[in-house]
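This report concerns only the one structure given below.
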Amino acid sequence: MTLFCAPRIKQLALGLALIGMAWQVSAQTQVNDAWVRATVAGQPSSGAFMTLQADTDSKLLSVQSPVAKLVQIHQSSMKDDVMSMQQVESVALPAGKAVSFDPHGYHIMLMDLTGQIKEGSKVPLTLTVENAKGEKETIKVDAEARALGTMDHGNMDHSKMH
């Protein structure tokens, strides 16, 4: 009986260790519903949107994508019926709280596009998140390109942003 149980115990221990590693890997930042606004030919910029949720207090530091020569994190706000947008250095991700990146708040600007982003295509994004301990996490996401008739950042003048 001892010979029969020893391999099973090893299998169980290995299984539990693997579950533990999977839990550690997934216990960081989740990205949900990532998408990018599709563009027309020649359009210089687009926006990327998603919901982020970190397990510990963290912050989004940067985003990169091969479809844009310049990628920035922006925040839109409304003041006196005027929509303004400015670049931010990072976005706080409080532990356990979903932070939405949408056309009317925080969002990712993809500027100086290398080509048209066609509806239905996948746009690779690489997010860098840092937790309160200073540990950095790199998250690779394939965002779906979608058409949307709301505010179009691609036609906004970003040259006068502060």
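Just to be sure, is Ala98 in contact with a strand residue (DSSP E or B) (Cβ under 7 Å, 6 or more places away or on another chain), modelled with pLDDT of 95 or more, farther than 15 Å from Val123 by Cβ and loosely packed, with under 14 Cβ neighbours inside 10 Å? When the stated conditions are applied, Ala98 passes them. The residue that is farthest from the chain's Cα centre (by Cα), counting only those in region 32-62 that are open to solvent by 10 Å² or more (accessible area, probe 1.4 Å) and under 18 Å from Glu89 (Cβ atoms), is Asp57. Can you confirm whether His153 is modelled with pLDDT under 95 and surrounded by 15 or more Cβ atoms within 10 Å (Cβ to Cβ)? Yes: the conditions hold for His153.
Residue by residue, here is whether (1) at pLDDT below 95; (2) not small (Gly, Ala, Ser) holds:
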| residue | (1), (2) |
| --- | --- |
| Ser46 | no, no |
| Thr51 | no, yes |
| Lys59 | no, yes |
| Ser76 | yes, no |
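Of all the listed residues (Ser77, Ser62), the sole one being touching a residue at least 60 places away in the same chain (Cβ under 8 Å) and part of a strand (DSSP E or B) is Ser62. Residues of region 117-145 that are open to solvent by 90 Å² or more (accessible area, probe 1.4 Å) and under 14 Å from Val36 (Cα atoms): Lys118, Glu119, Lys122, Asp142.
The values are calculated or read from the model by the stated rules, or taken from the named source; none is laboratory data. Keep in mind it's a predicted model, so treat the numbers as computed, not measured. Please note: Cβ atoms are built from the backbone with ideal geometry, for glycine as well, and neighbour counts cover all protein chains shown. Accessible surface is based on the protein model in full, side chains and every heavy atom, while ligands, DNA and RNA are left aside. Shrake-Rupley method; radii C 1.70, N 1.55, O 1.52, S 1.80 Å.
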